[in-house]
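Chemist: The structure's right below; bear with me while I get my questions together.
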Amino acid sequence: KQEVTQIPAALSVPEGENLVLNCSFTDSAIYNLQWFRQDPGKGLTSLLLIQSSQREQTSGRLNASLDKSSGRSTLYIAASQPGDSATYLCAVRTGNAGNMLTFGGGTRLMVKP
Amino acid sequence: DAGVIQSPRHEVTEMGQEVTLRCKPISGHNSLFWYRQTMMRGLELLIYFNNNVPIDDSGMPEDRFSAKMPNASFSTLKIQPSEPRDSAVYFCASKRGSADTQYFGPGTRLTVL
């Protein structure tokens with residue numbers, strides 16, 4: 001059974017810092033991995049999706065990498081801003097799970113002005 | 001474009017009462033997912049439908065939970081009878097065909113007293 005872990009569970013940084021969020025998964029037979037953002041009281045918004053054949057994806061100040069063999073992904077946020085404060089979740093779609101996603105517990109990020 | 005619509009946004013009920021949560025997926029999306037989010041267990045998939053047919057309901061916790069999708073634009077998740085441990089935020093998500101990205105609704109926060 002796929003298990004997804006995110007470290008740290010919470011992170012507080014001053015504005016302007018570059019930061020890295022970590023995600024690990026136990027079953028490397030994945031189709032893809034996604035990073036989502038969740039704001040308080042809101043649903044999830046997809047930020048980046050990396051297919052199993054890809055190594056990284058970039059969108060603006062966000063860069064996500066994938067090392068399938070080691071079961072790891074990182075989300076790099078450059079020049080963090082207070083508006084980046086949210087919970088970030090990673091989710092994997094595993095080969096034997098059809099359309100199902102397995103989510104990590106999330107990292108709650110606070111960027112202080 | 002209207003996103004995924006969920007109602008009600010908040011529900012407070014007493015133990016033993018029936019609860020019905022509603023979801024309207026994005027028009028043209030043919031896959032629909034129900035998730036539950038709690039502090040203890042994170043985000044878990046309960047059930048998903050493809051072309052209005054339930055494909056995998058292995059995440060449904062007990063017989064007290066049931067889900068229906070009578071047509072392409074409407075789904076319900078019913079809990080009968082409700083218990084305090086059902087208190088959580090319930091999300092509905094939809095996606096189109098073989099696309100990877102799921103679009104989440106704002107969620108229904110359920111409190112069972």
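Chemist: Considering only DSSP states other than H, G, I, E and B, which GluC sites (Glu not before Pro) in the range A:1-95 qualify as loop sites with at most 15 other Cβ atoms within 10 Å? Walk me through the intermediate numbers first.
Modeler: On the way: sites: A:3, A:15, A:17, A:56; in loops: A:3, A:15, A:17.
Within the range A:1-95, the qualifying GluC sites (Glu not before Pro) (loop, at most 15 other Cβ atoms within 10 Å) are A:3, A:15, A:17.
Chemist: Comparing the chain by itself with all protein chains present, which residues of the range A:17-44 are at least 20 Å² less accessible (probe 1.4 Å)?
Modeler: In the range A:17-44, residues shielded by partner chains: A:34, A:36, A:38, A:41, A:43, A:44.
Chemist: While we're looking at this one, here's another question. Name the residue, out of A:80, A:24, A:59, whose mean-square fluctuation peaks in a Gaussian network model built on chain A with Cα pairs under 10 Å.
Modeler: A:59
Chemist: Can you work out the accessible area per residue across chain A, with the rest of the protein chains kept in place, probe 1.4 Å, in square angstrom?
Modeler: Values: 5420 Å² over 113 residues.
Value returned for chain A: 48 Å² of accessible area per residue.
Chemist: Measuring from label point to label point, each 7 Å out along Cα→Cβ, what is the residue B:98 to residue B:30 span in nm?
Modeler: 1.2
Chemist: Cut-off 10 angstrom, C-alpha nodes, Gaussian network model of chain B. Which of B:88, B:99, B:67 fluctuates the most?
Modeler: Among B:88, B:99, B:67, the largest mean-square fluctuation in the Gaussian network model of chain B belongs to B:99.
Chemist: Just tell me which lysines come within less than 22 Å, Cα to Cα, of residue B:68; anything on the same chain fewer than 8 places away is out.
Modeler: B:24, B:78, B:95
Chemist: Residue A:112: which lysines have alpha carbons under 25 Å from its alpha carbon, excluding same-chain residues fewer than 8 sequence positions away?
Modeler: Partners found: A:42.
Chemist: Here's another thing I want to ask about it. What relative contact order, as a whole-number percentage, does chain B give when Cα pairs under 8 Å and 6 or more residues apart are counted?
Modeler: Averaging sequence separation for qualifying contacts and normalising by length gives 37 percent for chain B.
Chemist: Still on this structure, I have one more. Name the trypsin sites (Lys or Arg not before Pro) in the range A:1-99 that are in a loop by DSSP and that have at most 12 other C-beta atoms within 10 Å, would you? Before the final figure, lay out the partial values.
Modeler: On the way: sites: A:1, A:37, A:42, A:55, A:61, A:68, A:72, A:93; in loops: A:1, A:42, A:55, A:61, A:68.
Listed in order of number, the matching sites are A:1, A:55.
Chemist: For the range B:1-61, what does the relative contact order come out to in percent, with C-alpha contacts under 8 Å and a separation of six or more?
Modeler: Values: 75 pairs, mean separation 13.8, N = 61.
For the range B:1-61, the relative contact order is 23 percent.
Chemist: Counting only C-alpha contacts under 8 Å and six or more residues apart, can you give the relative contact order of the range A:1-112 as a whole percent?
Modeler: Details: 289 pairs, mean separation 41.3, N = 112.
Reported relative contact order: 37 percent.
Chemist: In nm, to one decimal, how far is the modelled label at residue B:72 from the one at residue B:40, with both set 7 Å along Cα→Cβ?
Modeler: Calculated label separation equals 4.0 nm.
Chemist: Using a 1.4 angstrom probe on heavy atoms only, work out the carbon and sulfur share of the accessible area of the range A:54-113 in %.
Modeler: Numbers: 1300 of 2750 Å².
Result for the range A:54-113: 47 percent of the exposed heavy-atom area is carbon or sulfur.
Chemist: A further question on this structure: How many percent of the accessible area of chain B is carbon or sulfur, using a 1.4 Å probe? Don't skip to the answer; put the middle values down first.
Modeler: On the way: 2790 of 5690 Å².
For chain B, the apolar C and S fraction of the accessible surface comes to 49 percent.
Chemist: Skipping prolines and chain starts, which residues have an amide H placed within reach, meaning under 5 Å, of the one on residue A:105, given they are 5 or more residues away or on another chain?
Modeler: A:6
Chemist: Please compute how much accessible surface disappears when B pairs with A, both sides summed, using a 1.4 Å probe, and round it to the nearest 100 Å².
Modeler: In total, chains B and A hide about 1400 Å² from solvent.
The values are calculated or read from the model by the stated rules, or taken from the named source; none is laboratory data. Since this is a predicted model, take the numbers as computed values, not measurements. Note: ideal-geometry Cβ built from the backbone for every residue, glycine included; neighbour counts use all protein chains shown. Side chains are part of the model used for accessible areas, which takes the heavy atoms of the whole protein and leaves out ligands, DNA and RNA. Shrake-Rupley method; radii C 1.70, N 1.55, O 1.52, S 1.80 Å.
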